[in-house]
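All remarks here apply to the structure that follows.
What follows draws every value from the coordinates through simple rules; no lab data is involved. Since we're looking at a predicted model, the values are computed, not measured. Note that each Cβ is placed from the backbone with ideal geometry, even for glycine, and that neighbours are counted across all protein chains shown.
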Amino acid sequence: MMTNLPVRSALLWAVLLAGVAAASTALAQPSTFVVLDETEARIAFFEAEARATSAELVELSRRLELHTHDADTAQRATVKLQRDTTKRMASWERAWRAIERDEGHWSVGAGSDTRQLLSAAQPKALATMAPEFALLRTVHQDRQRVDLLLVQNLKLGVELAQNTARKKAAEREREVVVEQAKSPQQRARARAELDKSEAELAEMLDTMTRNQTAQDFHRLKGTLVAPVSGQPTHPFGPRKQRESMSYVRHTGLTYQVAVGTSVRAVASGLVVLAQRFEGYGNLVIVDHGANYHSVYAHLESIEVGIGKQLARNEALGTSGQTGSIEGPKLYFELRHEGQPIDPAPWFLKR
């Protein structure tokens, strides 16, 4: 027995150290939805950069086409002028070379006199060519401008390709994060993180700006308009997971709609939150008074700001998949005093 103690101690220490290492890894590992938010922020950034570069490229291409046409037209119109000017300048050059070549054979002073006469005549002759020189200089500057625009066009093309590639790389990273979150090892952890975000959202509702309206929201029961057209894919209540036989909390309505679908306020109210929120992606919350709030999550775009008074059926954004590990959807909640309630009885029956 005594001889086995060192072995047993070593095994015990190994188990303990493995447990500590696993706990440290878990603590160090960021939330699935934090990673998702960061990745989506990069996607949005590169998409915005690519969109801006593309717009700049379109404008630059328009300018390039215009300047190229003008430069080509001016180039063709001045071909004869360039040829004549070149000939005249070449004649002056030949005259100077002839003086330098024959000056040694002339009588004393003759070469010097000829040089002086030519020197005096050249500025006057060149002065008569000033308009031609000015025109040729303008044509040359136009061609230089075209060359500069070509370089800028090339740079913007490279920049657009880089931003597009970076966006695609970030999208692939997002796919990896989503697949990992769906794995059996991570599913429970993602659910716990979502529950934590839900509790934080409930706490935040108590601190948000209140809608000081005299409207009795409870009287609107049965008259609300749906946030999007169509029936919800998942109703209010426990929801069975696709990957297992277990059920999870589902305290709202899930609509499987295409990205970019217009999302509308179910009733008039005050926008009290319009931003990203962990686990909910781009999120809008509308206060309808009497401690009733409607929640619109996973939006692609937010088209309202805090303090905006919305009318019934007014657009507040578009649907998307931000913060979602289930693809494009709209997640909608109706809350009273911070707690989710079943929205179904509140909607207008068609």
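For the reader, a short list of remarks on this structure follows.
- Per-residue Cβ neighbour rank within 10 angstrom, fewest leading, 225, 304, 271, 266: 225, 304, 271, 266
- Put simply, the amide H of residue 314, placed in the peptide plane, has neighbours under 5 Å in 265, leaving out anything fewer than 5 places away on its chain.
- Residues of the range 42-66 with amide N under 15 Å of the 7 Å Cα→Cβ point at residue 145: 60-66
- Ascending count of other beta-carbon atoms within 10 Å, so fewest first, for 67, 218, 288: 218, 67, 288
- Neighbours of residue 292 by Cβ distance under 12 Å: Lys/Arg scored +1, Asp/Glu scored -1, total 0.
- Projected label points at residue 171 and residue 47, each 7 Å from Cα along the beta carbon direction, are separated by 0.9 nanometres.
- Amide H to amide H, with H built 1.01 Å from N, residue 261 comes under 5 Å of 319, counting only residues 5 or more places away or on other chains.
- The value of relative contact order for the range 208-346, using C-alpha pairs under 8 Å at least six residues apart, is 28 percent.
- Amide H contacts under 5 Å for residue 301, placed H, 5+ residues apart: 318
- Between the range 210-226 and the range 280-326, the Cα center-to-center distance that results, in Å: 16 Å
- Inter-label distance, nm, simple model (7 Å from Cα along the C-beta direction), residue 58/residue 315: 1.8 nm
- Protection-proxy order for peptides 145-153, 330-338, 294-302, each taking the mean of Cβ atoms within 10 Å per residue, highest first: 294-302, 330-338, 145-153
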